[in-house]
Each structure stands twice: as C-alpha cells, then as structure tokens.
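The values are calculated or read from the model by the stated rules, or taken from the named source; none is laboratory data. As the structure is a prediction and not an experimental result, all values here were calculated from the model. Here the Cβ is made from the backbone with ideal geometry for all residues, glycine too, and neighbour counts use every protein chain on show. Please note that ligands, DNA and RNA were not included when accessible areas were found on the heavy atoms of the full protein model with its side chains. Shrake-Rupley method; radii C 1.70, N 1.55, O 1.52, S 1.80 Å.
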Amino acid sequence: MGMHTQGQELVHAASHLSIAFIGNISKQIAPVFVFFLALFAAVMLGAIPNANGSGYRAVIVKSLDIPAYNDVAKGFKKQCRHYGISLMATYDLKGDIEEGKRDIQIIQELKPEPDIIITIGVLATTLARKHISNIPLLFCAVINHELLDLSGENIYGISSSVPFEEQFAVVNKMFQSQKTIGIIYDPAKTEKIVSELTSLDGRHGYKFITRKVTSGNAIKPALDDFRKKIDVLWVVPDDTVISKESIGIFQDAVTENRLPIFCTSSALVRTGALVSISPDYYSMGEQAAKMAQELLHDPSQNSPRCMKPEKLTITINARTAEMLKIDISQFFSLPDVVIYK
C-alpha cells in the first residue's frame, strides 16, 4: 500500500472517529479537529516531510544474494526508519548483467521516483552509475572502488577498505614477533594497495616478499616459489587472486604447509584462513542510512564523497589456530571479534 493511500485511509477513518468522539462539538470545530488529526496521521506515515527529513524514499539494489550484502541491506532497513526514510523496494540482480539492466529500467520508471538509491556490490553500483544520473547513489561493499569510474555529482559511498594501521595492529597482536609476509597479487588490480602496504616494510618489524600474477593459473606456481621463504601469506582483496579455484590452493597452504593466512575477507576465514579484519557490513548499512539522511536533509552541505567504514570486525578460525599452534585467547575478551570453531 502506498504512503499517500495510507494517509487517505487514515483521513477517512479520522472522519468516522470524529463522529464517535466529538459528540456534541459544534460543526464549526469538528472540521478543524479532523484536519489536525489527519495532518498528524500523515506526518506519522511520512507522507509530509518534517524537520527530521521524514518522507524520503529509498531503493536498495544489491548485486548478489550473499551474507555480506544482505547484512548491509538489513542494517540500512533497520536504521533508515529512525531517519524518516521509507524503503520502496529491494532489487537482487543475482549477479546477472541483463537482470540488472531490467531492474535499473524498472527503477528509472518508478513513480514517485526514489530520493536516493543504495547500491551494494560492484555490479549494482556500476550499472546504476552508468544509467542513473538524476538521483543520488550511495554505494556500499564495493571492493577496490578506486579502480572503478565512480565519479559524478550524484555519487557517494562508504569504502570497504580497511586502514593498513588497523590491519597491522591485528597482525602484531596475533604473531607478536618479526615475520616475513608473502603477497601474491595482480598489478592491474591491486598495484596501489600492495605498493602502499610494502612501503611500510620494516616499520612494523615485518619484511615483505611479493609475487605478481596475471591469471588464476599462476597462483599455485607463485605460492610454491616462495612459500618456504615466508611466515605468513597476506591475501589482498584482488579478484584475480581470490576465486573459487584458488580457495583450494589456500586451504592446502594451511593444512599441508602450515602457513597462516591473513586477509580482509571473513568468507576466506570460514574456508580455513587464520584471521581477517573487515568492515562490519551490518554497521555499514546503518552508516549508509545516516549518510543518506544527511545528504537528503541538506543537499548543499559539503559531504565527503566516500567515507571510511565506522566499524571493523576481526574474524578468527579457531580450528586453524589450534592446528598452527597459535594462541588466540587474547582475542576472546575483545569487542567485535568473531570466532569460527
């Protein structure tokens, strides 16, 4: 049922209620009573924007039906109600470009049109960016968003990147001694990330050894080449390196070579990596709701185009830690830590 339809029904109901409750109130006063009762109902439903920005309409577009993206959507849905934003619809593109184009076309034809579109993931974000320019877009959960053309007057976002200092804090706490860290990466995808990371060589007592790859077929040879020279494998968010095929390679590195894997993906930790530090995606959805309200309430404000995630989560695989004989007890009392057992 639409917002305005609900408002009309409340107005209709209010007329009947007024007859029951006002009794002997004069005909001159009754219409005034009904008017203010209807006005109150409309404001409560968000049909009339108030000072807090109620009455704004949002649409969610997510690339896939996966836990991280769903968590963003759940966080946004819960929090947007506190900011007076109503959710018109959620579209799942199912990872399909053609499905995505059809859904974007549907969104473009919505009446009334949404005031803001929340995109979750690369596919949803790039399609919306390409086809929609008259509505603010707020992207979330886009890995390496810097590599995409996400510039535009209507583009805002929340980065999925985890500050290196935060990552090193976890590594230092986990290993507490100097280590040699290996990184496998595709320079076309993550050259900037790896350059910034390896520029810290020595500052935290760590040494880096890197290997470049341009395809998934090169991952195992690269790992075999330097696995005996490294103490930890650091897996950066690189979709050449992280794939369905490479998961088995990383699992073998853990079980057969006793090689700890540090990453920024809790999904990899579920498959056997030791530890990850990543954005809290539910919190990211809540953050998106707050950011959306601020953008819509005062479009003239000089809002940051892309914000850092407000909350991070450390995820540890307890079985892997036990197998590698790594003590993780110090993490048990920390907030925002998830332990897979």
- [ ] May I ask you to list pairs of residues, at least six apart or on different chains, whose Cβ atoms are under 8 Å apart, with the first in segment 55-74 being hydroxyl-bearing (Ser, Thr, Tyr) and the second being open to solvent by 30 Å² or more (accessible area, probe 1.4 Å) and part of a loop (DSSP other than H, G, I, E, B)?
- [x] 56/49; 56/115; 63/95
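Yes or no, residue by residue, for (1) farther than 28 Å from residue 145 by Cα; (2) within 28 Å of the chain's Cα centre (by Cα); (3) at pLDDT 95 or above; (4) β-branched (Val, Ile, Thr):
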{"position": "27", "(1), (2), (3), (4)": "yes, no, no, no"}
{"position": "38", "(1), (2), (3), (4)": "yes, no, no, no"}
{"position": "42", "(1), (2), (3), (4)": "yes, no, no, no"}
{"position": "59", "(1), (2), (3), (4)": "no, yes, yes, yes"}
{"position": "70", "(1), (2), (3), (4)": "no, yes, yes, no"}
{"position": "86", "(1), (2), (3), (4)": "no, yes, yes, no"}
{"position": "119", "(1), (2), (3), (4)": "no, yes, yes, yes"}
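Being among the hydroxyl-bearing types (Ser, Thr, Tyr) and either in contact (Cβ under 8 Å) with a residue 60 or more places away in the chain or surrounded by fewer than 17 Cβ atoms within 10 Å (Cβ to Cβ) (or both) is the filter here, so list the residues in segment 199-220 that pass it. Steps first, answer last, please.
Residues of segment 199-220 among the hydroxyl-bearing types (Ser, Thr, Tyr): 199, 206, 210, 214-215.
Selection gives 199, 214, 215.
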TODO: Quickly run through segment 178-198 and pick out the residues that are under 22 Å from the mean Cα position of the chain (by Cα) and open to solvent by 10 Å² or more (accessible area, probe 1.4 Å).
DONE: 189, 192, 193
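With respect to residue 169, determine if the residue is farther than 30 Å from residue 73 by Cβ and either among the charged types (D, E, K, R) or not assigned by the TED database to the domain that holds residue 105 (or both).
Considered against the rule, which asks whether it is farther than 30 Å from residue 73 by Cβ and either among the charged types (D, E, K, R) or not assigned by the TED database to the domain that holds residue 105 (or both), residue 169 comes out as no.
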TODO: Give the number of residues within segment 146-177 that are in a strand (DSSP E or B) and open to solvent by less than 20 Å² (accessible area, probe 1.4 Å).
DONE: 3
- [ ] Under 6 Å between Cβ atoms, at least 6 apart or on separate chains: pull out the pairs that start in segment 297-326 with a residue that is assigned to a helix (DSSP H, G or I) and end on any residue that is surrounded by fewer than 12 Cβ atoms within 10 Å (Cβ to Cβ) and at pLDDT below 95.
- [x] 318/341
Task: strands (runs of 3 or more DSSP E) wholly inside segment 76-145 containing at least 2 residues that are closer than 13 Å to residue 56 by Cα - done: 85-92, 116-120
- [ ] Go through (1) in contact with a helix residue (DSSP H, G or I) (Cβ under 9 Å, 6 or more places away or on another chain); (2) surrounded by fewer than 16 Cβ atoms within 10 Å (Cβ to Cβ) and name the single condition residue 100 misses.
- [x] (2)
Open item on the list: Of all residues being open to solvent by less than 50 Å² (accessible area, probe 1.4 Å) and more than 22 Å from residue 68 (Cβ to Cβ) in segment 287-341, which is modelled with the lowest pLDDT? Just the residue, please.
Closed with: 303
TODO: Assess whether residue 75 counts as being open to solvent by 20 Å² or more (accessible area, probe 1.4 Å) and not charged (D, E, K, R).
DONE: no
Task: Of the criteria (1) more than 26 Å from residue 60 (Cβ to Cβ); (2) modelled with pLDDT of 95 or more; (3) not small (Gly, Ala, Ser), which one residue 284 fails - done: (1)
